[in-house]
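What follows is one structure encoded as structure tokens, with my remarks underneath.
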Amino acid sequence: MQKNKAQEAAKETKPDNVAPKDLANPGWQFTGTGELASFPPPEKWDDWVEYDAREWPQKVEKHYQLVPTICFNCEAACGLLAYVDKATLEIRKFEGNPAHPGSRGRNCAKGPATLNQVYDPERILYPLKRKGPRGGGQWERTTWDEVLDTFAAKIRQAIIEDRKTEVIYHVGRPGADGYIDRVLQAWGVDGHNSHTNVCSASARLGYALWQGADRPSPDHANARFLLLLSAHLETGHYFNPHAQRIIEAKMRGAKIAVIDTRLSNTASMADYWLSSWPGSEAAVLLAMANVILNENLFDREYVRRWVNWEDFLREEHPDQPQTFDNFIEITKQIYKDFTPEFAEKESGVAASKIVEVAREAGRAGSAFSSHVWRNAAAGNLGGWQVARCLEFLNVLTGSIGTVGGVMPNSWNKFVAAPYIKPSPQNVWNEILYPKEYPLAHHEMSFLMAHFLKEGRGKIAAYFTRVYNPVWTNPDGSTWIEVLSDETKVELHGALTPVWSETAYFADYILPMGVGSERHDLMSQETQSGSWIGFRQPVMRVLREKRGEKFDYTYQANPGEVWEEDEFWIELSWRIDPDGSLGIRKYFESPYRPGEKLRIEEYYQWIFENSIPGLPETAAKEGLTPLEYMRKYAAFAIESSGYAKHEKEIPQKDLAETTIDPKTHLIHKTSGGSSQVVGVEIDGKAVTGFATPSRKLEFYSKTMKEWGWPEYTLPGYIHSHVHPSKIDKSKGEFCLLPTFRLPTLIHTRSGNAKWLYEISNRNPVWLHTSDAQRLGVETGDNVRVSTAIGHFIGKVWVTEGIHPGVAGCSHHLGRWRLDDNNGVDRWASALVDLKHEDSKWQMRHLKGIEPFKSEDPESQRVWWTDPGVHQNMTFPVQPDPVSGMHCWHQKVTVEKARPEDKYGDVFVDTDKAHAVYKEWLAQTRPAPGPNGLRRPLWLGRAVKPSAAAYQIKE
Ligand code: SF4
């Protein structure tokens, strides 16, 4: 019998006998005796001395206090150290925090650029209230008291009148784990809305169907072979923590393959670049699975033990022998047509290369890591099958849960429990989770404007929080129409550290702290093992160290910039001033009964009670848990996290359990209800995965029960931009807009001058052969027409993109409507935005130019091109299963017409609504089994009570 690789991995990785790469190289070894050190040692953080570069050749000492925090520019939550000049109390720079287990002292360009965000001369320092009509551009300064009283009254009324679906918090960059969930559940509303469906919904569904958890946690550092469908070395999710581990693997001899239509920076560093036609990726991956199966490169024992093949045979082939060998034979038959040659025909990738990569993956076995997040999953109809087919390769190679493989994210992410947790809300918001999308991951946020437009409801109080739907979402003009309508959105507050296109259409602009001006607790699955990172307000912490006392962080922040945690505490007290609504108690101090919670108490309680090992570690240094986290801002909870599915259930927990002879599921009955606690495999009771079968679900009965019987297995769905739907002779192309630029984060980096100096244009990438065909050269203007409008961009001719595909990053094209108010002037064009009925027209009035401000560098801005805003010309294209906006567009590309000017955007929102209806018609709505809105086992953001899942009709 072949060895069980997962068991082997579990054995190998006991902390006492193996040092996986992350442990062996924590990133903060100090030389101790020598002159040079990689990082300032923590014992010197209170007085770190450097020579002032500006005084050279004199050796003039500068004394710094170093305060750790975590970055807020992407979700990776890397550690930062703020260097505060002790003489002036100015932050002079941000560098990496060596004590952070995820980032290990390193950052991408966006981390140090936090400094620009702190001292941005264009930032909003005081709360603003609109004067005149919404979107009229007139603002006046107001007080926080007025803001809090206005929102509290509106929300209180909605709660009292049982309109608990009319309060919506819409988040772009969360930057925290669980804080807002607690706030919303304390209010009893179902109001959490996110940006997930323009980001990762499809990847999430693909992963969730296999393993329960909707995100992967690849152990890149220890892999022998890596297959990436995301640009991880430059821009992907967990960019810096992943990039450094991928490079470590590469330096140790691991090979990298990248499937990407475009020659990304990552692809340029890879051993294999597979430039696939957008949407063909699942076919390529299934061809690889075919090779692995037919060449016997799969881990037979792993698949036998961990795949739910028995369910598959029982449900779909009851008349056939119920044996593992028969399952393998049937599986080979199912995928027999996915030959490398077929995949070549679909994708344009040479069959020989597909075979080579498949063999590399097969040979890497349990040390094969992979990842997809946005990329192909986010671009295509059926993109969720891309993630599912990718994970299929990990399942076949036995590399789920192993050293160098991929783990469910829930193994490596630690979300700390707060004190007194409210009960789940008893209400379901159909604006967020409509019946049409019972399997969506998650809220159908980008359709909200259309739902309101067609009268599905209204919003009494709406918060956008680091969220810019007018610019980020497809079909931004429809968002402008809806946000401007006070009958649809009665009160809108934009919680934001920076101006945005959306803030312009709010009632209040509420300035919130950047990464060094707020508290948050975060943990991410950046590697095997888990950690927490503590974001803290640098100036408050530093000044408190010096003996000052603050009641609120805004007192130490610039202007009247609040931190959100305190905003929600204050708002909740005003919603329920006497506690009669049962809300206030969640915002009272755990240490001073009946008194208002102070933010440090919230975290103090968590650090004392919810983080395993932290109190003991802190005590060894003579510190309280809070003091320890103030000192390091990070803590490693678990050094590695492999093979958790193999965890045996202790004998004592098996009392009063029964094992289902058919499914092998272990049921525990208590208090009249039965719960699955694990699965029996080869006579051993183990935890398994978080799926209904507790196994890796090759076969998803859920898909069948919820109306998609044709998709019970990993498969290939023709994308909406499949080559058969693109007529080259008519100038049609597939437009690929999904790629990121390494130094920008969508809408969040307009306030960072260094980042804009590096990246400021988004040309239309065209392959040399296509440019010749169209008669255009680099720098020429082209008109790119979608189903609802067009934009005018500049061509960049390159060999780095698949022929027939036009690429344009949707990271650029910021705009403002007023020269003095709006998105930062080093990042945006001043535009004229007109509309007549449903027809919207945008034209650049001027590009980027030097300007006078408190920062002398603003007069030295040399770049001029702000890029073009393309998302506005995209109709919404929701995948009927995952709910993901399918970003790729079928477009025509032609030379610009005489009337066209660079940066022009034209859109017809009537056409946009018609396209929305067409895609909506493809759905298969709830109810599912037992009258449910959504399978109970699937994750849901801010999960309501089980009763709320029931459709009451
Ligand atoms: S990857 Fe870059 S932007 Fe993201 S948290 Fe780390 S330093 Fe910040």
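N240 falls short on exactly one of the conditions (1) open to solvent by less than 10 Å² (accessible area, probe 1.4 Å); (2) out of contact with any Leu (no Cβ under 8 Å at 6 or more places or on another chain); (3) modelled with pLDDT under 95, and that condition is (1). Residues in the range 487-546 that are of a type in the set (D, E, K, R), closer than 19 Å to L66 by Cβ and within 16 Å of the ligand (Cβ to nearest atom): E517, R518, R535.
For residues that are open to solvent by 10 Å² or more (accessible area, probe 1.4 Å) and closer than 22 Å to G793 by Cβ, tally how many sit in the range 826-860. So the answer is 14. Report the residue count in the range 691-735 for those that are under 18 Å from L396 (Cα atoms) and assigned to a helix (DSSP H, G or I). Looking only at that region, the number is 0. Of the residues in the range 472-486, not one is in a strand (DSSP E or B) and either over 26 Å from C886 (Cα atoms) or more than 16 Å from the ligand (Cβ to nearest atom) (or both).
Consider the range 76-98 and keep the residues that are part of a loop (DSSP other than H, G, I, E, B) and buried (at least 24 other Cβ atoms within 10 Å of the Cβ). The one that is farthest from the ligand (Cβ to nearest atom) is P98.
Residues A752, A806, A771: which one is without any contact (Cβ under 8 Å) to a residue 40 or more places away in the chain, open to solvent by less than 30 Å² (accessible area, probe 1.4 Å) and not charged (D, E, K, R)? On inspection, the qualifying residue turns out to be A771. Filtering V881, V876 for residues that are open to solvent by less than 10 Å² (accessible area, probe 1.4 Å) and out of contact with any strand residue (DSSP E or B) (no Cβ under 8 Å at 6 or more places or on another chain) leaves a single hit, V881. Under the condition of being of a type in the set (K, R) and surrounded by fewer than 22 Cβ atoms within 10 Å (Cβ to Cβ), the residues counted in the range 685-714 number 2. Mind checking whether some residue in the range 145-157 is more than 16 Å from the ligand (Cβ to nearest atom) and part of a loop (DSSP other than H, G, I, E, B)? Among the residues of the range 145-157, not one is more than 16 Å from the ligand (Cβ to nearest atom) and part of a loop (DSSP other than H, G, I, E, B), which makes the answer no. Given the condition charged (D, E, K, R), under 30 Å from S572 (Cα atoms) and open to solvent by 20 Å² or more (accessible area, probe 1.4 Å), answer yes or no: does some residue in the range 603-613 qualify? Within the range 603-613, one or more residues are charged (D, E, K, R), under 30 Å from S572 (Cα atoms) and open to solvent by 20 Å² or more (accessible area, probe 1.4 Å). Taking helices (runs of 4 or more DSSP H) as the structural unit, those lying wholly within the range 341-402 and holding at least 1 residues that are touching a residue at least 24 places away in the same chain (Cβ under 8 Å) and surrounded by fewer than 22 Cβ atoms within 10 Å (Cβ to Cβ) correspond to 351-364. For the condition open to solvent by 10 Å² or more (accessible area, probe 1.4 Å), farther than 26 Å from G382 by Cβ, assigned to a helix (DSSP H, G or I) and touching a His at 6+ places or on another chain (Cβ under 8 Å), A249 does not qualify. Filtered by the rule that a residue be more than 23 Å from F874 (Cβ to Cβ) and either open to solvent by 10 Å² or more (accessible area, probe 1.4 Å) or hydroxyl-bearing (S, T, Y) (or both), the range 464-495 gives E486, T487, E490, L491.
Taking the range 794-817 as the range and being in a loop (DSSP other than H, G, I, E, B), farther than 29 Å from S500 by Cβ and in contact with a Lys or Arg (Cβ under 7 Å, 6 or more places away or on another chain) as the test, the residues that pass are G800, G804. Do we find a residue being in contact (Cβ under 8 Å) with a residue 40 or more places away in the chain and under 18 Å from L226 (Cβ atoms) anywhere in the range 320-337? Looking for residues that are in contact (Cβ under 8 Å) with a residue 40 or more places away in the chain and under 18 Å from L226 (Cβ atoms), one finds none in the range 320-337, hence no.
Conditions tested, residue by residue: (1) among the hydrophobic types (A, V, I, L, M, F, W, C); (2) surrounded by 21 or more Cβ atoms within 10 Å (Cβ to Cβ).
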| residue | (1), (2) |
| --- | --- |
| F505 | yes, yes |
| Y508 | no, yes |
| P511 | no, yes |
| S516 | no, yes |
| S530 | no, yes |
| E544 | no, no |
| Y552 | no, no |
| A556 | yes, no |
| V561 | yes, yes |
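Within the set R761, R773, R740, R748, the sole residue that is within 30 Å of the chain's Cα centre (by Cα), of a type in the set (D, E, K, R) and farther than 18 Å from S828 by Cβ turns out to be R740.
Of the residues making up the range 895-902, not a single one is out of contact with any Cys (no Cβ under 7 Å at 6 or more places or on another chain), farther than 22 Å from R816 by Cα, open to solvent by 20 Å² or more (accessible area, probe 1.4 Å) and in a helix (DSSP H, G or I). From the list S674, S670, the one residue that fits, being over 30 Å from H220 (Cα atoms), small (G, A, S), under 35 Å from the mean Cα position of the chain (by Cα) and open to solvent by 20 Å² or more (accessible area, probe 1.4 Å), is S674. If you filter the range 65-75 down to residues that are assigned to a strand (DSSP E or B) and crowded, with 24+ Cβ neighbours inside 10 Å, you find that the one that is nearest to the ligand (Cβ to nearest atom) is I70.
Considering each of A254, A283 in turn, give the residue that is under 26 Å from H722 (Cα atoms) and either more than 16 Å from the ligand (Cβ to nearest atom) or hydroxyl-bearing (S, T, Y) (or both). Only one candidate qualifies: A283. There is no residue in the range 265-275 that is assigned to a loop (DSSP other than H, G, I, E, B), away from the ligand (no atom under 16 Å from the Cβ) and open to solvent by less than 10 Å² (accessible area, probe 1.4 Å). Counting only helices (runs of 4 or more DSSP H) that fall entirely inside the range 578-670 and contain at least 2 residues that are farther than 30 Å from V189 by Cα, the qualifying elements are 614-620, 625-632.
The values are calculated or read from the model by the stated rules, or taken from the named source; none is laboratory data. All of these numbers come straight from a predicted model, not from anything done at the bench. Reconstructed Cβ throughout: ideal geometry from the backbone, glycine too, with neighbour counts over all protein chains shown. The protein model used for the area step is the full one, side chains on, heavy atoms only, and it has no ligands, DNA or RNA in it. Shrake-Rupley method; radii C 1.70, N 1.55, O 1.52, S 1.80 Å.
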